[in-house]
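Accompanying notes for the structure given below.
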Amino acid sequence: MKTNFLKSAFILVLAISFASFTTIIKKELKVKESNVAWKGYKVTGSHEGTINLVDGSLSFENDVLTGGNFNIDMTSINVTDLKAGKGKEKLEGHLKSDDFFGTENHKNATLTITNVEGKADSYKVTGDLMIKGKTNPITFEMTITDNMAVAKLKVDRTKYDIKYGSASFFDGLKDKAIYDEFDLNVTMKF
């Protein structure tokens with residue numbers, strides 16, 4: 001009995017010793033050097049632009065990604081495929097309206113990483129994405145090299161109560177239909 005107790009105590013001390021060498025590092029994003037590009041699709045084409053990050057960080061344990069948190073300024077929605085006076089302002093205003101992101105009442109969107117699988121700079125990431133006050137899980141791939149992370153997300157806007165022009169909810173839209181999913185291509189420097 002005494003021998004089993006000593007073995008258990010030794011294993012416990014050894015486990016605590018190893019755990020004390022684990023280092024969790026939080027790396028803050030350089031938001032001015034980071035980029036969030038979006039692309040939305042409709043039957044007759046697509047539109048694209050950018051959105052600004054407010055802040056964010058990635059957490060690492062022994063150089064392996066373990067978590068992160070990001071805030072996105074939805075009021076900064078910018079359309080880059082149209083020129084000023086040629087529909088740019090109209091589309092930006094519509095995207096900021098309650099038909100889409102309702103930025104007057106929902107200024108920020110957030111992503112909180114809840115699970116990470118993989119290593120060696122290639123990860124399958126799951127997180128909680130909050131847009132327009134609604135939170136849903138999302139899974140995507142992220143690669144990390146040096147001090148840069150790249151992720152490509154497909155977001156189903158209807159999960160966030162953004163149904164304008166969705167053929168999933170409205171009949172007879174024909175060539176006016178807007179697809180439910182949009183892309184976010186994110187490059188983050190830290």
Exercise for review: Return the FRET efficiency for the residue pair E104, K124: r is the Cβ-Cβ distance, R0 is 45 Å, and the value is rounded to the nearest 0.05.
Suggested key: 0.80
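Net charge near T135: determine it from the other residues with C-beta under 15 Å of the C-beta of T135, scoring Lys and Arg +1 and Asp and Glu -1.
Result for the neighbourhood of T135: +1.
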**Study point:** Nearest-ten-degree value, helix 2-20 long axis tilted from longest Cα axis of the chain
**Key:** 40 degrees
Revision key, fill the gap. FRET efficiency (S168, S97; Cβ distance; R0 25 Å; to 0.05) is 0.80
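How large, in percent, is the carbon and sulfur part of the accessible surface of the range 70-190 at a probe radius of 1.4 Å? Kindly include the intermediate steps, with their values, before the conclusion.
Numbers: 3280 of 6690 Å².
Accessible surface attributable to carbon and sulfur in the range 70-190 totals 49 percent.
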Exercise for review: On a C-alpha basis, how far is the centre of the range 111-162 from the centre of the range 19-90 in Å? Whole number, if you could?
Suggested key: 11 Å
Review point. Please state the relative contact order of the chain as a whole percent: Cα pairs under 8 Å, 6+ residues apart?
Key: 21 percent
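Using the heavy atoms of the protein chains and a 1.4 angstrom probe, tell me the accessible area per residue for the chain in square angstrom.
61 Å²
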Practice item. Taking Rg/Rh (Cα atoms, Kirkwood Rh) as the quantity of interest, determine which of [x] 1.00; [y] 1.15; [z] 0.96 was computed from the displayed structure. Key: [y]
Revision key, fill the gap. To the nearest 0.05, the calculated FRET efficiency linking T23 and E141 through their beta-carbon distance, R0 being 25 Å, is 0.45
Exercise for review: Please identify, among A167, A84, A37, the residue showing maximal mean-square fluctuation in a Gaussian network model of the chain using a 10 angstrom Cα cutoff.
Suggested key: A84
Exercise for review: Using a 1.4 Å probe and counting only protein heavy atoms, arrange E28, E61 so the residue with the most accessible area comes first.
Suggested key: E28, E61
Exercise for review: Please name which of F182, F169, Y123 has its Cα lying farthest along the dipole of the chain towards the positive end, using unit charges on Cβ (Lys, Arg +1; Asp, Glu -1) and the Cα centre as origin.
Suggested key: Y123
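The values are calculated or read from the model by the stated rules, or taken from the named source; none is laboratory data. Just so it is clear, the model here is predicted, and its values are computed rather than measured. Note that we place each Cβ from the backbone using ideal geometry, even for glycine, and neighbour counts take in every protein chain shown. Side chains are part of the model used for accessible areas, which takes the heavy atoms of the whole protein and leaves out ligands, DNA and RNA. Shrake-Rupley method; radii C 1.70, N 1.55, O 1.52, S 1.80 Å.
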